[in-house]
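J.: The structure under discussion is supplied below as structure tokens; questions concerning it will follow.
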Amino acid sequence: MKFYISFLITTVILGTSVAIAQEEEENQLNGGTITVVKPYDPTISDAFKVKSVPSVNDTTKVKKKPVTYSIFSVPVASTFTPATGKLDRLKPKRKEKFYRNYARLGLGNYVNILGEFATNFEIDRDSDVSVFFNHNSSQGGIDEVRLDDSFSDTGLDVSYGTRSRDMNWSITAGGRYQTANWYGVYDNVPTQPEEDLDVATSYFSYGIGGRASFFDSVFKEADVQLTGVSSGNDASEFRARLRPQLGFDIMDTEVGLGVELDYLSGSFDQQVFIPVATDYGLFNAGLYPSVNLYGDNYKVELGARVNYATDIENSESDIYVYPDITASYILAEETVVAFTEIGGGFDVNSLQQFADENVFIAPALTIAPTDRQLDAIAGFKGKLGVFGYKVFGGYRIEKNRNFYITDDGSRFTIGDLQSYDYGNVFYTSYGDLNTVLYGASLGVTLNTALDVTLNVTGRSFDVSEGDAFENIASNLPELTADLTANYKIDEKWSTGLTLYYVGERDAYRIGVGKETIDGFVDLNIDVNYKINPKLTAFLRGNNLTGGNYQYFNGYPVQNLQVLGGIVYKFDF
């Protein structure tokens, strides 16, 4: 059993930490309704572009100063008799109508197709059904790529939710089908593939889950998920998770207890360059107690995470203990808030996770959990007029962390080469990683029509126990940044901008060693024109500055992309 001393150290550190009282109460009128606040707008080459979601910081709106009027009366002799006038009433501004359904269709170069459909309809006053469908595909055509580089991503979700005086509950079922091609052939591979070689890969994922929220009960909520994935190369995986949450008061102190049961099982039908286990399985049971403390200027949540994990195939078990502490303290009202988060966790890695991160993975992988012993961050945040800001620094310790590596395609094979034998797939290899991170965020809201957010994060990596890849932080960038801006020009026109920067990265290739992937800047701009309340036309320009940069080693992305289309909102 491993009881990490970092838990004791960070608990002592908390004695010097204080925090702000901020309560967030989740308003869950219907956990089953798909409420599209901002519908998912996939970029034209979503499968190969930056997987980054900029965080938005709170900003302060300028308070209007009260205006007082004084009238200085001067008597004036006049024989003017005013005519009788009619009362002119001020017409209130009509609120924009809310539609329950919408459809989106877009077409662009590279034969890019974007399609979405979302609907929500009531069964009765306390229950409803929601459906969401999306499709994003491209026929490819990247310059200097010899093999097929087309891709597609199609998903469907259906949910049902209901409400009562005592609880809300919902159930959701869905599926997703992804196709891609291993077109990133290593330049110096001994045998170049034929141009008509079938390098297709695919994943079909599915799931069903439910969630219930209880009122005036010790049981606060419960979450159940059953998910699975299968690949076109006969890999399969199943996962079941149960996560109830309890909450109660002891002597006017809020106490919480989270419970987690997590079962994972999978298998591979093929072997690749790096031998992997044919079957894998893991069972994880967790207890997460916590205590909330509040004051006028602080909020502290003291907690811990205790996990009992069993490697089913190897019949090995272990206990892991982590801190789970958050704290914040108001130094100056709204202007400066100090905060800290000290945590860790037992991260269950899965085939589904790796396929979502990198669709170019090999047909068989080593699947193993990561022991995130410490994940700490501290800094300041606040508001200065129309500016919201956040500065932070942190430190992370991960044992058995996964890294993506490739090979040079020079291994000896008996018989014909397979489509994944050309240095064009990614394997998982594991090592220990210590990370120092630092960064800042800045948000500006000049008025209700314009908001801008900038995020910058820097990292320093120290890898050990990774002799298989020469302790290289393979495919991890040391510097990333993103800028988002949205501007509503008038009632008809609006525009948005996103700018991503990913710095230079090192990557490891078996048989070659360290390679360097250049950094890039990716600029995307969209313009929307509201033809009428139901119909909107849009035009997007993606990757306006990046060229055929590589996010994954050996895989250039589509160059400048233009896509246009319409969005139609309606009610049945």
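The values are calculated or read from the model by the stated rules, or taken from the named source; none is laboratory data. Keep in mind that what you see is a predicted model, and the values were worked out from it rather than measured. So basically every Cβ, Gly included, is an ideal-geometry build from the backbone, and we count neighbours across all protein chains shown. Side chains are part of the model used for accessible areas, which takes the heavy atoms of the whole protein and leaves out ligands, DNA and RNA. Shrake-Rupley method; radii C 1.70, N 1.55, O 1.52, S 1.80 Å.
J.: Considering only residues of the stretch 95-122 that are open to solvent by 60 Å² or more (accessible area, probe 1.4 Å) and either hydroxyl-bearing (Ser, Thr, Tyr) or free of Cβ contacts under 8 Å to residues at least 12 places away in the same chain (or both), which is farthest from PRO533 (Cα to Cα)?
T.: Filtering first and then ranking leaves GLU122.
J.: Of SER159, SER152, which residue is within 28 Å of ASP262 (Cα to Cα) and hydroxyl-bearing (Ser, Thr, Tyr)? Write out each step before concluding.
T.: On the way: SER152 fails: within 28 Å of ASP262 (Cα to Cα).
The match here is SER159.
J.: Output the strands (runs of 3 or more DSSP E) that fall wholly within the stretch 491-567 and possess 1 or more residues being in contact with a Leu (Cβ under 8 Å, 6 or more places away or on another chain), or say none.
T.: Details: elements: 493-502, 505-510, 513-517, 520-530, 535-542, 550-552.
The strands (runs of 3 or more DSSP E) meeting that bar are 493-502, 505-510, 520-530, 535-542.
J.: Could you list, in sequence order, all residues of the stretch 403-420 that are hydroxyl-bearing (Ser, Thr, Tyr) and either part of a strand (DSSP E or B) or open to solvent by 30 Å² or more (accessible area, probe 1.4 Å) (or both)?
T.: Initial filter on the stretch 403-420 (hydroxyl-bearing (Ser, Thr, Tyr)): 404, 406, 410, 413, 419-420.
Once the filter is applied, which keeps residues that are hydroxyl-bearing (Ser, Thr, Tyr) and either part of a strand (DSSP E or B) or open to solvent by 30 Å² or more (accessible area, probe 1.4 Å) (or both), the stretch 403-420 yields TYR404, THR406, SER410, THR413.
J.: Looking at (1) of a type outside the set (Gly, Ala, Ser); (2) assigned to a strand (DSSP E or B); (3) free of Cβ contacts under 8 Å to residues at least 60 places away in the same chain, which is the only condition ASP153 fails?
T.: (3)
J.: On the basis of being of a type outside the set (Lys, Arg), in a loop (DSSP other than H, G, I, E, B) and either under 26 Å from VAL359 (Cβ atoms) or free of Cβ contacts under 8 Å to residues at least 12 places away in the same chain (or both), does ASN400 make the cut? Before the answer, list the steps.
T.: Working: of a type outside the set (Lys, Arg): yes; in a loop (DSSP other than H, G, I, E, B): no; either under 26 Å from VAL359 (Cβ atoms) or free of Cβ contacts under 8 Å to residues at least 12 places away in the same chain (or both): yes.
Against the criterion (of a type outside the set (Lys, Arg), in a loop (DSSP other than H, G, I, E, B) and either under 26 Å from VAL359 (Cβ atoms) or free of Cβ contacts under 8 Å to residues at least 12 places away in the same chain (or both)), ASN400 does not qualify.
J.: So how many residues does the stretch 202-227 have that are under 22 Å from the mean Cα position of the chain (by Cα) and either open to solvent by 60 Å² or more (accessible area, probe 1.4 Å) or of a type outside the set (S, T, N, Q) (or both)?
T.: Residues of the stretch 202-227 under 22 Å from the mean Cα position of the chain (by Cα): 202-211, 223-227.
Narrowing the set further to residues that are either open to solvent by 60 Å² or more (accessible area, probe 1.4 Å) or of a type outside the set (S, T, N, Q) (or both) leaves 203-204, 206-211, 223-226.
Result for the stretch 202-227: 12.
J.: Being over 23 Å from GLY519 (Cβ atoms) and of a type outside the set (D, E, K, R), is that true of even one residue in the stretch 452-463?
T.: Step one: of the stretch 452-463, the residues over 23 Å from GLY519 (Cβ atoms) are none.
Checked against the condition, which is being over 23 Å from GLY519 (Cβ atoms) and of a type outside the set (D, E, K, R), the stretch 452-463 yields no hits at all.
J.: Residues of the stretch 151-172 being hydroxyl-bearing (Ser, Thr, Tyr) and either more than 26 Å from SER205 (Cβ to Cβ) or surrounded by 18 or more Cβ atoms within 10 Å (Cβ to Cβ) (or both), which ones?
T.: As a first pass, look at the stretch 151-172 and keep what is hydroxyl-bearing (Ser, Thr, Tyr): 152, 154, 159-160, 162, 164, 170, 172.
Scanning the stretch 151-172 gives SER159, TYR160, THR162, SER164, SER170, THR172.
J.: Now, a different point. I'd like the residue in the stretch 541-572 that is open to solvent by less than 50 Å² (accessible area, probe 1.4 Å) and among the hydrophobic types (A, V, I, L, M, F, W, C) and, out of all such residues, is farthest from GLN139 (Cα to Cα).
T.: So the residue we want is PHE570.
J.: Being modelled with pLDDT of 90 or more, open to solvent by 20 Å² or more (accessible area, probe 1.4 Å) and among the aliphatic types (A, V, I, L, M) is true for just one of VAL189, VAL185, VAL199. Which residue is that?
T.: Working: VAL189 fails: open to solvent by 20 Å² or more (accessible area, probe 1.4 Å); VAL199 fails: open to solvent by 20 Å² or more (accessible area, probe 1.4 Å).
Criteria check complete, one pass: VAL185.
J.: Could you grab me the full set of residues in the stretch 503-540 that are more than 30 Å from TYR404 (Cα to Cα), basic (Lys, Arg) and surrounded by fewer than 16 Cβ atoms within 10 Å (Cβ to Cβ)? Walk me through it before giving the result.
T.: Quick first cut of the stretch 503-540, residues more than 30 Å from TYR404 (Cα to Cα) only: 525-540.
The next check asks that each one be basic (Lys, Arg); those that pass are 530, 534, 540.
Scanning the stretch 503-540 gives a single hit, LYS534.
Rundown of residues vs (1) open to solvent by 20 Å² or more (accessible area, probe 1.4 Å); (2) under 30 Å from PHE273 (Cα atoms); (3) modelled with pLDDT of 95 or more, yes/no style:
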residue: ASN447; (1), (2), (3): yes, no, no
residue: SER464; (1), (2), (3): yes, yes, yes
residue: ILE489; (1), (2), (3): yes, no, no
residue: THR498; (1), (2), (3): yes, no, yes
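J.: Only one residue in ILE330, ILE361 is β-branched (Val, Ile, Thr) and closer than 30 Å to ILE274 by Cα. Which one? Walk me through how you get there before you give the answer.
T.: Numbers: ILE330 fails: closer than 30 Å to ILE274 by Cα.
Unique residue meeting the criteria: ILE361.
J.: Would you say PHE520 is within 17 Å of VAL567 (Cβ to Cβ) and modelled with pLDDT of 95 or more? Even if it seems obvious, please write down each step before you answer.
T.: Values: within 17 Å of VAL567 (Cβ to Cβ): no; modelled with pLDDT of 95 or more: yes.
So PHE520 does not fit the description; no.
J.: With the stretch 266-358 as the region, which strands (runs of 3 or more DSSP E) entirely inside it contain at least 3 residues that are hydroxyl-bearing (Ser, Thr, Tyr) and touching a Pro at 6+ places or on another chain (Cβ under 9 Å)?
T.: Working: elements: 279-294, 298-311, 316-323, 325-332, 336-347.
The strands (runs of 3 or more DSSP E) meeting that bar number zero.
J.: Give me the pairs: first residue in the stretch 374-385 and outside any strand (DSSP E or B), second residue surrounded by fewer than 20 Cβ atoms within 10 Å (Cβ to Cβ), beta-carbon distance under 8 Å, and six or more apart or on different chains, which are they?
T.: Here the result reads GLY385/THR60; GLY385/VAL62, each pair linking the stretch 374-385 to a residue that is surrounded by fewer than 20 Cβ atoms within 10 Å (Cβ to Cβ).
J.: For the list (1) hydrophobic (A, V, I, L, M, F, W, C); (2) closer than 30 Å to ASP451 by Cα; (3) surrounded by fewer than 19 Cβ atoms within 10 Å (Cβ to Cβ), I need the number of the one condition that LEU302 fails.
T.: All conditions pass for LEU302, except number (2).
J.: Ok, one more. Which ranges mark the strands (runs of 3 or more DSSP E) fully within the stretch 162-239 that have 2 or more residues being acidic (Asp, Glu) and either out of contact with any Pro (no Cβ under 9 Å at 6 or more places or on another chain) or over 30 Å from VAL145 (Cβ atoms) (or both)? Explain how you work it out, then say what you get.
T.: Working: elements: 167-181, 200-214, 219-231.
Correct list: 219-231.
J.: Any residue in the stretch 421-439 that is within 25 Å of the chain's Cα centre (by Cα), in contact (Cβ under 8 Å) with a residue 12 or more places away in the chain and part of a loop (DSSP other than H, G, I, E, B)?
T.: The initial filter retains those residues of the stretch 421-439 that are within 25 Å of the chain's Cα centre (by Cα), namely 425-439.
Remaining after also requiring in contact (Cβ under 8 Å) with a residue 12 or more places away in the chain: 425-439.
Now restrict to residues that are part of a loop (DSSP other than H, G, I, E, B): 425.
For the stretch 421-439, residues within 25 Å of the chain's Cα centre (by Cα), in contact (Cβ under 8 Å) with a residue 12 or more places away in the chain and part of a loop (DSSP other than H, G, I, E, B): present.
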